[in-house]
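Below is one structure, written out as structure tokens; comments come after it.
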Amino acid sequence: MVRGQAGWAVTGSKEAPCIRRVRRAFIVGSWLLASAMSLPVIAARPAAAPGIRPAPLQVGAAKIDVTPTAGQLPKNFKGVLDPIYARAIVVENGASRVAIVTVDAGAVPDPIWEHVSARAARELGIPVDHLLLTATHTHSVPFVRDPSYEDQIFESIRKAAAAVRPARMAYGTGVSYINVNRNIIDPKTHRWWEGPNYDGPSDKTVAVLRFETLRGDPIAVYYNYGVHGVITGTLDMISGDIPGATSRYIEDSLGDDVVAVYSNGPAGDQNPIFFQQTYDLRAIRIKDYAARGQDISNAMPPGGEGLDRNNPQVAKLMNQQKQMILSMGQMLGEEVLHVSRDSLERPVSAATIQAAQETVTCPGRKRLDQGRAGYPGTYTDADPIGLRLSMIKIGDTVIGGVDAELFTMIGQRFKRESPYKHTMLTTLTNGVAKSGYIPNDASFGFNTFEVVSSRLKPGCAETAIVDGLLDLIQHADAAAAPGGR
């Protein structure tokens, strides 16, 4: 291990299964002259700063409607099913400031994360590594957005920063059974395919972080759960899917001024437990394509492409999908509200705030054949792939972040090995890795569609992610200790 001026660097030989390039910055802010926005600016203290002490918390939250206008919709979109938002929570303690932000989107491309984070650092005093910008991973939002989209995301952060007030926070967990492992052995082909695997690995934990005024009035709820937002994907309509429906339900229940921020847990192999309408629509589409002489049985056109919406059965199934996101959103929302009422631990009004990022690099591969699942892929070596890891620590609560879609077992391992009981992991955070899905090591032996499409060689990513995040926590703890750095 070689330590340079910018932080810690770890290198490995060509034979190593995982090459890690690390960039860490533990910034303990100090207030400077207010910016033109009349908001405090945070600058780094000298490297030999004394131990970090808990300080009174201030919290603000905001949401901004980011629904495309009719003129901004891509040609394949047929309208808006429900509005989508950027939701932000800003937490500060007089010495440091962090922002945890989620936007209803399939992903947040690297350039958008880079521009928003740089602007937040420049104008709001939130260092780049003190921002978590997460996508809910709804499959019902166009990937390419209008240039004003970045401004809208930033505006949610700015409004949250402007609304900070003395606050306290409390952590709790509950359970929800609306997710299920989505990889099964097809009983007809005896090969891997997609369907509800009730015996497969799945994390039912709902982690909840409630922020409230010192009088107990809610300001925001940050909640973490792993499920794919895919129910409305075939409708070709703008929708926040399950995450959006859940947040709207919580906000409606707690009051319009409360912001409910969804955190996308490791859901690479987790579907909604009730997903039959999509499977039925898939069977109809395969049959229709076959009648035209085209075999899509081991492929899948995007969205609802090729579906006959004049078919009464198709119309019925699509209407059921619209109902399903409201049902599941209510179920998940009710569990978040239950935890907020009855299962929170003692709130804290003072805490340390720390944050960091690093990049780990794993060997890549390029697939040479096609096919969705059930058969092993053929690959050649490709360039190494970087995975951005992020960590925010508020008191004894840790939020880890990865810029990719992870299998549930990676998240469960991280939470199990974390030294802190209050640990959660959010994915598709701070950009999008070029890896595709990231299965845990054991799952690379299965020919599921996530595994065969992954651009990573097996044997690296799981441990690189877990150990990398644990390293960030360890260095944060060292920095917080008396005489730490």
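The values are calculated or read from the model by the stated rules, or taken from the named source; none is laboratory data. These numbers were taken from a predicted model, which means no experiment stands behind them. Using ideal geometry, Cβ is built from the backbone for each residue, glycine included, and neighbour counts are taken over all protein chains shown. What goes into the accessible areas is simple: the full protein's heavy atoms, side chains included, and nothing from ligands, DNA or RNA. Shrake-Rupley method; radii C 1.70, N 1.55, O 1.52, S 1.80 Å.
Points worth noting:
- Calculated from backbone phi, Karplus (6.51, -1.76, 1.60) coupling profile of region 395-409 in Hz, x at Gly/Pro: x, 9, 9, 10, 10, x, x, 9, 8, 7, 8, 10, 6, 4, 5
- Residue pairs exceeding 22 angstrom between C-alpha atoms, taken from K188/K366; K188/K287; K204/K415: K188/K366.
- Förster radius 51 Å - calculated FRET efficiency between A291 and T359 (Cβ-Cβ, nearest 0.05): 0.55
- In range of the label at E305: residues from region 87-112 whose backbone nitrogen is under 19 Å from the point 7 Å along Cα→Cβ: 106-107
- Extended-chain gain in nm, criterion 0.36 nm per residue less alpha-carbon gap, A95 and F274: 59.8 nm
- Its residues counted as N, region 121-221 yields a C-alpha radius of gyration over 2.2 N^0.38 Å of 1.60.
- Inter-centroid distance (Cα atoms) of region 56-118 relative to region 296-340, Å: 23
- Three-way shape label, region 74-143, alpha-carbon gyration tensor, a/c 1.5: prolate
- 222 nm mean residue ellipticity, helices alone, for the chain (DSSP H n ≥ 4; -39,500 (n - 2.57); rounded to 500): -8500 deg cm²/dmol
- For the pair region 362-393 / region 175-242, the C-alpha centres are spaced 24 Å from each other.
- Ranked from largest to smallest solvent-accessible area, with a 1.4 Å probe on the protein heavy atoms, D403, D252 come out as D252, D403.
- Under conditions of 20 °C and 1.002 mPa s, region 268-335 yields 160 µm² s⁻¹ as its translational diffusion coefficient, taking Rh as the Kirkwood radius over Cα pairs in the Stokes-Einstein equation.
- Carbon + sulfur, % of accessible area of the chain - ligands and nucleic acids excluded, 1.4 Å: 53
- Taking a sphere under 11 Å around the Cβ of R248 and counting the other residues whose Cβ falls inside, with K and R at +1 and D and E at -1, yields a net charge of -3.
- Distances between placed amide hydrogens fall under 5 Å for T423 paired with V398, all partners being 5 or more residues away or on another chain.
- Per residue, the accessible area of region 296-398 comes to 46 Å², computed with a 1.4 Å probe over protein heavy atoms only.
- For D186, nonlocal amide neighbours, meaning residues 5 or more places apart or on other chains whose placed amide H falls under 5 Å from its own, are R191, W192, W193.
- Karplus (6.51, -1.76, 1.60) ³J(HN,Hα), θ = phi - 60°, over region 259-273, in Hz, Gly and Pro reported as x: 10, 10, 9, 7, 10, 7, x, x, 10, x, 10, 10, 10, x, 5
- Cα shape, region 258-371, gyration tensor, a/c 1.5 rule: oblate
- Accessible area of F77 in the full protein assembly, 1.4 Å probe (Å², nearest 10): 30
- Other residues within the sphere of radius under 15 Å centred on the Cβ of I64, judged by their own Cβ, net out at -2 (K and R +1, D and E -1).
- Each residue of region 453-470 was assigned a 3J(HN,Hα) from its phi angle through the Karplus curve 6.51 cos²θ - 1.76 cosθ + 1.60 (θ = phi - 60°); the sequence is 8, 4, 8, 9, 6, x, x, 10, 5, 4, 5, 4, 5, 5, 5, x, 5, 5 Hz, with glycine and proline shown as x.
- Whether region 226-269 is rounded, prolate or oblate, judged on the alpha carbon gyration tensor where a/c under 1.5 counts as rounded: oblate
- Backbone N under 11 Å from the R282 label point (7 Å along Cα→Cβ), restricted to region 289-320: 297-301
- Within the straight-line cut-off of under 12 Å between alpha carbons, the aspartates and glutamates reachable from K434 are D110, D383, D403, E405, sequence neighbours fewer than 8 places apart in one chain being disregarded.
- Between S349 and D383, residue separation times 0.36 nm minus the direct Cα-Cα distance comes to 7.6 nm.
- Excluding same-chain neighbours fewer than eight residues apart, the lysines reachable from K78 by a Cα-Cα span under 22 Å are K316, K322.
- Under 18 Å from K63, Cα to Cα: lysines that are on another chain or at least 8 residues apart: K159
- Placing unit charges on the Cβ atoms only, positive for Lys and Arg and negative for Asp and Glu, gives the chain a dipole magnitude near 680 debye about its Cα centre.
- For region 395-448, the convex hull spanned by the alpha carbon atoms encloses 73 Å³ per residue.
- Cβ-placed point charges (K, R +1; D, E -1), dipole of region 38-188 about Cα centre in debye, nearest 20: 360
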